[in-house]
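Since the structure comes first, as structure tokens, the remarks are kept for the end.
No lab work stands behind these numbers, since they all come straight from the coordinates. These numbers come from a predicted model, not from an experiment. Cβ sites come from the backbone with ideal geometry, for glycine too, and all protein chains shown count toward neighbours.
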2 protein chains.
Amino acid sequence: MDDLFDGLEIPVAADFHVHLRDGAMMEAVTPTIRQGGVDTVFVMPNLVPPITTVQAALDYKKRLQAIEPNVNYLMSLYLHPSITPDTIREAKKAGIAGVKSYPAGVTTNSSSGVVDYEAFYPVFEAMEQEDLVLNLHGEAPPSPEAMEGSGASRQITVLNAEQEFLPTLNALHKRFPKLRIVLEHCTTAAAVEAVKGCGPQVVGTITAHHLFLIIDDWAGDPINFCKPVAKLPSDRIALLQAAASGDSKFFFGSDSAPHLLSAKKGLTDGGLGAGKCAAGVFTQPNVVGFVLEGFERAVKAGVLKREVLTEEVIESFTGRSGRKFYGIEEARGKIKIRARNVQVRNVKVGKAGEGENMNETVVTFRSGKPTYGVDWL
Amino acid sequence: MDDLFDGLEIPVAADFHVHLRDGAMMEAVTPTIRQGGVDTVFVMPNLVPPITTVQAALDYKKRLQAIEPNVNYLMSLYLHPSITPDTIREAKKAGIAGVKSYPAGVTTNSSSGVVDYEAFYPVFEAMEQEDLVLNLHGEAPPSPEAMEGSGASRQITVLNAEQEFLPTLNALHKRFPKLRIVLEHCTTAAAVEAVKGCGPQVVGTITAHHLFLIIDDWAGDPINFCKPVAKLPSDRIALLQAAASGDSKFFFGSDSAPHLLSAKKGLTDGGLGAGKCAAGVFTQPNVVGFVLEGFERAVKAGVLKREVLTEEVIESFTGRSGRKFYGIEEARGKIKIRARNVQVRNVKVGKAGEGENMNETVVTFRSGKPTYGVDWL
């Protein structure tokens, strides 16, 4: 039963949630998009400072195109008080694909994020009118107590933050029923159910790594630590089943999030290096391989039946449903999957030829392990 | 309401769960016992190799006494197939205080641990006859699937491992009703309830750090990562209430577990340093300060009422109940608590005078923050 997908030919994939960063990191990561079997990416705007103007998004796109012109970059804005209904109309005209909302303080570079959704209702209304997609990082923010780490009574944790956000999703959907919404990187059975329970305007992305991970995998392993955190075995099953359902409401967004190893290990806070670990799992160079491997492992574990994983179902998840949702053309080319004989490699940042060290290395998910390879046809 | 316990005088504390290690680490950590306000410690046997003979335990005790003679070291054996009923009788005669059971693979140096409790029934019977205490690391072991990280169906996680162990606790208690059992480092409301539900032979220890931490505090912070992991806010409340209940079934065991910072960060696996983080929170130099600070924070958060924290209740938790359970004499001296003006410091391992680095530093819980000080009267 090894290598279930050897020889599979599917359309080139699309990845509807990527972090490509800027500067040297961007230079290192952007070339890995096609390596992963992907020609279209939805690019997150959480640079430092965040992308809050159309011009900044277009400039960022140019920088990305200069590195790898053969990728279709769908650009986004970072929801922020400086964004007005006029910004939305300008964004639509400029071809911006979405507006990403980060609750304040929940993940990497989210300190400029949303505290109060109601303040953005005029913006959401304009987005609904202009048919611009709202991309939600769906976690309820920790209370101020939780941030201080002092409160014994705080009730929102990394475990229930997504579930606690779902009423906000439902409220936004109810108030703006025509607004197209993506609940990004679903990690819970509850999120899957919530997305299913909304109208067709509401969809969810699922990462590759959440098809693999549960809480035990990031407990004590910063490489597997991301936000939202991987949850329980039952949640992982729900994600696998949603990804393999053929339901066009669920499609792939890797949330591939590169950090230098030194940041993943929390060594960048100065002093001895006892700081906190950066949240994010980097999967970009092997995204299609990881999705198929996730499916394969689920088949082996008896969670998915091999028969449900038809080409149509796989293609729906790895590109077709997302392309349709964002209104972009279908994939032109195809990729062919090779048996699991590709070794996952890390990515170097900065000058080539320098020795490998923690300040110039991004460790890839499942580094050193074999995964499916991808040939472009 | 700051500094609730300034000026408090209580008997010298006892810590019924400590890791003192061996070699250079032992040299560094053992002198911090009295610094924390403690004169009596129950010493864990998970050295490498583990302490499985009476002679090894007595030799270890001598090494500890050579470093700090003014501490009462209660020694333990590591439950292991080589331990027989004869070992138990020998241990009792030699003054060994307990036998520690680690389920295989759940925490630091537990690879020699227990897979099947029934295999030890003859040993437990001898322990019951000899009135030797059984100290349980109360976590159900991960399934083989979980260890491989491959199974989508695995159901025991770091979150429910303690709760899933409780039927084993109950079964042991039922089968050996006179066997005195300590459920070490309780981390869940379920564990507190289970201990309450057993006869007086079954008690539980509670650490200082679990009075502070929840899952969010170790997510992405290896310094706060330990096994059993800190759980939910509701669990923390249950632990605080048990510790402040005056119930003699719950007493203090810090589970202070020193690791070099490089190990805490998972940098010791060779290669780039992308290994896993050692489990354990180091609290030894400030244990009494941390317990009182934990109580203070709970009062501020409205979880505990100031009135319940009488001297009697505090003394019960920090020593009296544990001393009674282990049948040792009451504390002779007293300590006086100073307002929170002591800064938590790290501990250096190895030659003094060398520069601070990750390979010679143990980071103390809440390093750099102020906590209660302790004066010996």
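Summary table below
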item	result
Burial ordering of A:TRP218, A:TRP376, fewest other beta-carbon atoms within 10 Å first	A:TRP376, A:TRP218
Student exercise, chain B dipole from Lys, Arg, Asp, Glu Cβ charges, in Debye to nearest 20	360
Distances in nm from B:PRO81 to the matching label points in the other copies, shortest first (labels 7 Å along Cα to Cβ)	6.7
Within straight-line cross-link reach of B:LYS227, aspartates and glutamates at Cα separation under 13 Å, skipping those fewer than 8 residues along the same chain	A:ASP216, B:GLU139, B:GLU162, B:GLU184, B:ASP255
Approximate spin-label separation B:ARG345-A:ASP59, in nm, with each point projected 7 Å along Cα-to-Cβ	5.0
Ellipticity estimate at 222 nm from DSSP helix runs (n ≥ 4, -39,500 (n - 2.57)) divided over the protein assembly as shown, nearest 500	-8500 deg cm²/dmol
Positive-pole candidate from B:ILE215, B:THR107, B:HIS173, dipole of segment B:15-333, charges at beta carbon	B:HIS173
Chain lengthening between A:ALA104 and A:ASN170 when straightened (0.36 nm per residue, less Cα-Cα)	21.8 nm
Distance (nanometres) between label positions extended 7 Å along Cα→Cβ at A:LYS334 and B:GLU90	7.2
Distances in nm from A:ALA119 to the matching label points in the other copies, shortest first (labels 7 Å along Cα to Cβ)	6.1
For A:LEU79, A:LEU136, order by how many other beta-carbon atoms lie within 10 Å, fewest first	A:LEU136, A:LEU79
Over 27 Å between alpha carbons, listed pairs B:LYS61/B:LYS92; A:LYS62/A:LYS249; A:LYS276/B:LYS196; B:LYS174/B:LYS324; B:LYS61/B:LYS174; B:LYS92/B:LYS178	A:LYS62/A:LYS249; A:LYS276/B:LYS196; B:LYS61/B:LYS174
Ascending list, in nanometres, of distances separating the A:GLY23 label from those of the other copies (7 Å, Cα toward Cβ)	4.0
Span from the segment B:337-377 Cα centroid across to the segment A:239-271 one, whole angstrom	36
Using θ = phi - 60° and Karplus 6.51 cos²θ - 1.76 cosθ + 1.60, couplings along segment A:297-303 (whole Hz; Gly, Pro as x)	5, 5, 5, 4, 7, x, 7
For the A-to-B rotation axis, chain A residue with nearest beta carbon and its distance in angstrom	A:LYS265, 3
Flagged links, alpha-carbon separation over 24 Å, of A:LYS231/B:LYS300; B:LYS100/B:LYS336; B:LYS264/B:LYS351	A:LYS231/B:LYS300; B:LYS100/B:LYS336
